[in-house]
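Inspection log for the structure reproduced underneath, given as structure tokens.
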Amino acid sequence: MTTPPPLQEPPALELKDLVLRRGDALLDIPALFLAEGHVLSLIGPNGAGKSTLLLAVASLLKPQRGSLVFKGQKIDLKHDAFAYRRRLAMVFQEPLLFDTTVYANVAAGLKIRGMGKAESEKRVARNLERFGIAGLAGRSARKLSGGEAQRTSLARAFATEPEMILLDEPFSALDAPTREALTDDLQRILAETRTTAIFTTHDRWEALRLADEIAVMNDGKIVQVGLPEEVMNQPRDEFVASFVGMETILTGRVVDNREGTLIVSVSGQEVEALGTARPGENVICCIRPENVTISTDHPESRTSARNVFPGRVTKITPLGLFEKVNLDCGFFLVAYVTRQSRENLGLAEGREITASFKATAVHVIKRDK
């Protein structure tokens, strides 16, 4: 639902007034725009409609209403679907490989298209190398690990040099190291080829790394779309804020506006934030955990943060590279710290601390009531 920029050429993809009913679920997309060479990530909870939208874009599901324009051409899904699909490639969560060698699988799309032997061999070799599976060319697809199978599936898709590639949670079934390595490779290859792409994911960090734009979906609708930093740091509503990792979401009432600096009453405490709300308005204050600092002394004189609150640790949860620290500062607050920082600070449940965050770290959303 972005407004197309003034391009000299038509955008890669435009959806208008798309309505598709699938069982009891309804997909309703008034507008969606994707620029040529850009990567769009669809994120949202299970059942939000991400895969349904991807299948509709691939013309594998027929909408009840709406139009799909691809590179300036309105696609008639009754008559143009087959020719349109040949311009795309799709990669699913579970690799759909033929019971043959890795080489033959990567060559399959080219064979279907009737490509000559010399060009086919060149493309297969290039994409086997791109995805680090050249040494597996003669291996049976039945003997591949999950990561090797997905690499083969991706190599097959890119070998056709698609005008747009659609990826439906391609890494969600993989272990963390394999997922990390494949994400790195896909990021590099998308940049090299400038392939227009749409992919679905539950992982907001994956979306941040790969996407030029992020669209958040819920209940069959796109509730926010924009640049990754915009969606992550300026969520439109409480649902988006929660989904993109705003761990602290506080309801309050504006008691003062001092030239753009708001004073918000939250559970009897005063939180400073930047915004345009008026005194008396109800708001939601959203704070990312990485923007909260924990100290075990009294840093008021040594911090530029406008918000400094005494509090107590209520829970610590390990999250791999970080540890999530729940705090009671008169209101609920979450911070992330490294394991080393947690040990240096001596953090444990019940420990008295001081938490601080800047006014600029608070994203304010106005509430209807």
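Sketch the reach of a paramagnetic label on Leu227 as a point 7 Å from Cα along Cα-to-Cβ, and name the residues of region 22-60 whose backbone nitrogen lies under 19 Å away. So the set is 33-42. For Ala31 and Arg253, a Förster radius of 35 Å and the Cβ-Cβ distance give a FRET efficiency of 0.50, rounded to the nearest 0.05.
Given the Cα-Cα distance of Glu349 and Ala181 and 0.36 nm per residue of separation, how much length would full extension add, in nm? Kindly include the intermediate steps, with their values, before the conclusion.
On the way: separation 168, 0.36 × 168 = 60.48 nm, distance 3.58 nm.
Between Glu349 and Ala181, full extension yields 56.9 nm more.
In this label model, Arg188 and Gln340 are separated by 2.7 nm, measuring between points 7 Å along each Cα→Cβ vector.
Separation of the alpha carbons by more than 22 angstrom is noted, of Lys50/Lys143; Lys62/Lys111; Lys16/Lys78; Lys221/Lys324, for Lys50/Lys143; Lys62/Lys111; Lys221/Lys324. Treating the Cα atoms of region 16-69 as identical point scatterers in vacuum, please give the log10 of the normalised Debye intensity I(q)/I(0) at q = 0.27 Å⁻¹, two decimals. Result of the Debye calculation: -1.27. When each of the peptides 249-262, 35-48 is scored by how many other beta carbons lie within 10 Å of its residues on average, the order from highest to lowest is 35-48, 249-262. Projected onto planes of every orientation and averaged, the convex hull of the alpha-carbon atoms in region 261-369 covers 7.2 nm².
Here the contact order of region 86-198, divided by its residue count and restricted to Cα pairs under 8 Å and six or more residues apart, works out to 39 percent. Global size of the chain: 24.4, 74 Å for Rg and Dmax (C-alpha atoms, Rg to one decimal, Dmax whole). Label-to-label distance for Arg22 and Ser172 is 1.1 nm, based on points extended 7 Å past Cα in the beta-carbon direction. Counting 0.36 nm for each residue step from Phe92 to Asn46 and taking away their Cα separation leaves a gain of 15.0 nm.
Calculate, in nm to one decimal, what Arg85 and Ala118 gain on full extension: separation in residues at 0.36 nm each, minus their alpha carbon distance. Provide the component values of the computation, followed by the final result.
Details: separation 33, 0.36 × 33 = 11.88 nm, distance 2.43 nm.
Gain on extension, Arg85 to Ala118, equals 9.4 nm.
Net charge dipole, region 13-242: roughly 1080 debye, given to the nearest 20, about the Cα centre with Cβ charges of +1 for Lys and Arg and -1 for Asp and Glu. When the alpha carbon coordinates of region 201-263 are projected onto the principal axes, the ranges are 40, 23, 19 Å, largest first.
Per-residue Karplus couplings for region 259-266, computed as 6.51 cos²θ - 1.76 cosθ + 1.60 with θ equal to phi - 60°, are listed in order as 6, x, 9, 8, 10, 10, 7, 10 Hz, Gly and Pro entered as x.
Laboratory data are not the source of any read-out in this text; all were calculated from the coordinates shown. As the structure is a computational prediction, the values presented were derived from the model and not from experiment. Every residue, glycine as well, gets a Cβ built from its backbone with ideal geometry; the counts of neighbours run over all protein chains shown.
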